[in-house]
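Engineer: Mind having a look at this structure? Questions to follow.
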Amino acid sequence: MELNRDWLAEAVVARRRKDRLEPPAPGQIARLVGKAVSTFEERFCAATVCGCRRRPGPGWTT
């Protein structure tokens, strides 16, 4: 799944406004979104690899 960084940045600002908190500076938003995307990708890959090891598909040898 492709993550839209602009959408994520807008969601951060909207959430902060909803919570009546001052939005982070643009540089902070970029770092926050970058870290969130990186963490998502690491967890997604780890879950995918872990799932493949547990349940091999047809034609796979263990």
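Engineer: What is the sum of charges around I29, taking Lys and Arg as +1, Asp and Glu as -1, for the other residues whose C-beta is under 14 Å from the C-beta of I29? It would help to have the intermediate numbers written out before the result.
Structural biologist: On the way: positive: R5, R15, R16, R17, R31, K35; negative: D6, E10, E22.
With Lys, Arg at +1 and Asp, Glu at -1, the net is +3.
Engineer: Something else now. Taking 0.36 nm per residue of sequence separation and subtracting the Cα-Cα distance, how much length would be gained by fully extending the chain between V49 and D6, in nm to one decimal? Walk me through the numbers on the way to the answer.
Structural biologist: On the way: separation 43, 0.36 × 43 = 15.48 nm, distance 2.85 nm.
Gain in length upon complete extension: 12.6 nm.
The numbers here are math on the coordinates, done by the rules we state, and not lab data. These numbers come from a predicted model, not from an experiment. Reconstructed Cβ throughout: ideal geometry from the backbone, glycine too, with neighbour counts over all protein chains shown.
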